[in-house]
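For reference, the structure is listed below as structure tokens.
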Amino acid sequence: MAAPAVAVRAVAWLLLWEAAGFTCSPATTFNNTHFVAGIRATCSEIILRQEVLKDGFHRDLLTKVKFGESIEDLQTCRLLIKQYIPTGLFVDPYELASLRERNITEAVMVSENFNIEAPNYLSKESEVLIYARQDSQCIDCFQAFLPVHYRYHRPHSKDGEIFIVIHNPDLLMYCDQASLRGVIRFRFDSFDKTIEFPVLKCWAQSEVTAPCALNSKDICQWNTMKYKSVYKNLTLQVPVGLTIHTSLVCSVTLLITILCSTLILVAVFKYGHFSL
């Protein structure tokens, strides 16, 4: 009685597998093993590294993104970096326009009503879109460049410096599906079906809309990418004044202003020629 029961169960399982569109042939099992291994091989980590160049109150934010070596045909893909600028920094939109004209960077301000003269306590966080370029020295790398500047800060009572934290950006990727060849295909022998697994599915988390290119009015669906950052966040150290120096600074400033104004008036009356 045990043998017929086992046979019935086996037939039932075969019928369920056929209804689902699968077979249990040895060739399929072998190919499926290689397919899973291939998927894992394509899912190399995306590494992001940010660093700040130059010294003083005017810096350059450099972003480098490296993909795994198994990524195929990155020429069909574009990378967009959405950088959040904290209140202690600002990006000059007029400077960005000049840099775009000289083809140095492809960045544009997203925030509206942006005041570059406002101190940090009167400003808001802003956003910048940077269209990254492929690194000529690295086939699977992108890089982007953005000039940033310190804002004026309130004086502190004790410490003569503050810290500004630059959070990691959002990485957005768009690949031209018409010419994208980085698609893994697996064919089921028995049913002649093809399933496509785009490379983007290794890292894509969600979709957002953004302009397809810097000077384009077309809107594309960009994929928000998951990545690993070399640094958790960037921290910048900014020197600020001390409140205990307020009286001294005001007194010296007023004295120098009066002295300079007096010298100017003396020079005007001594060497000036007046006609009535």
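The values are calculated or read from the model by the stated rules, or taken from the named source; none is laboratory data. This is a predicted model, so every value here is computed, not measured. Cβ atoms come from the backbone with ideal geometry, glycine included; neighbour counts cover every protein chain shown. The area values use the complete protein model at the heavy-atom level, side chains included, leaving out ligands, DNA and RNA. Shrake-Rupley method; radii C 1.70, N 1.55, O 1.52, S 1.80 Å.
Things to note:
- Residue within the stretch 68-86 that is over 19 Å from the mean Cα position of the chain (by Cα), modelled with pLDDT of 90 or more and of a type outside the set (D, E, K, R) present: no
- The stretch 137-147, residues that are of a type outside the set (Val, Ile, Thr) and touching a residue at least 40 places away in the same chain (Cβ under 8 Å): Cys138, Asp140, Cys141, Phe142, Gln143, Ala144, Phe145, Leu146, Pro147
- Within the stretch 231-249, the residues that satisfy the criterion of being in contact (Cβ under 8 Å) with a residue 24 or more places away in the chain and among the polar types (S, T, N, Q) are Asn233, Thr235, Gln237, Thr243, Thr246.
- When Leu234 is tested against (1) surrounded by fewer than 10 Cβ atoms within 10 Å (Cβ to Cβ); (2) under 32 Å from the mean Cα position of the chain (by Cα); (3) of a type outside the set (Gly, Ala, Ser), exactly one condition is not met: (1).
- Counted residues, the stretch 134-156 - those being within 12 Å of Thr63 (Cβ to Cβ), assigned to a strand (DSSP E or B) and modelled with pLDDT under 90: 1
- All conditions in (1) within 30 Å of Arg154 (Cβ to Cβ); (2) not aliphatic (A, V, I, L, M); (3) not in a helix (DSSP H, G or I) hold for Lys217, with the sole exception of (1).
- Leading residue by the ranking (nearest to the chain's Cα centre (by Cα)) among those in the stretch 207-226 that are open to solvent by 60 Å² or more (accessible area, probe 1.4 Å) and touching a residue at least 12 places away in the same chain (Cβ under 8 Å): Lys226
- Index of the failed condition, His167 passing every other in (1) modelled with pLDDT of 90 or more; (2) more than 13 Å from the chain's Cα centre (by Cα); (3) within 30 Å of Leu242 (Cβ to Cβ); (4) surrounded by 13 or more Cβ atoms within 10 Å (Cβ to Cβ): (2)
- Residue count for the stretch 181-210, restricted to those that are part of a strand (DSSP E or B) and at pLDDT below 90: 16
- Being at pLDDT 85 or above, more than 22 Å from Glu161 (Cα to Cα) and open to solvent by less than 90 Å² (accessible area, probe 1.4 Å) is true of Ser229.
- Considering the stretch 83-126, the residues that are of a type in the set (Phe, Trp, Tyr) and closer than 17 Å to Ile164 by Cβ include one that is surrounded by the fewest Cβ atoms within 10 Å (Cβ to Cβ), namely Tyr121.
- Checking each residue in the stretch 237-270 for being open to solvent by less than 90 Å² (accessible area, probe 1.4 Å), closer than 25 Å to His167 by Cα and not in a loop (DSSP other than H, G, I, E, B) picks out Val238, Pro239.
- A search for C-beta distances below 6 Å between a residue of the stretch 109-136 that is free of Cβ contacts under 8 Å to residues at least 12 places away in the same chain and on the phi > 0 side of the Ramachandran plot and any residue that is hydrophobic (A, V, I, L, M, F, W, C) and open to solvent by less than 50 Å² (accessible area, probe 1.4 Å), counting only pairs 6+ apart in sequence or on different chains, returns nothing.
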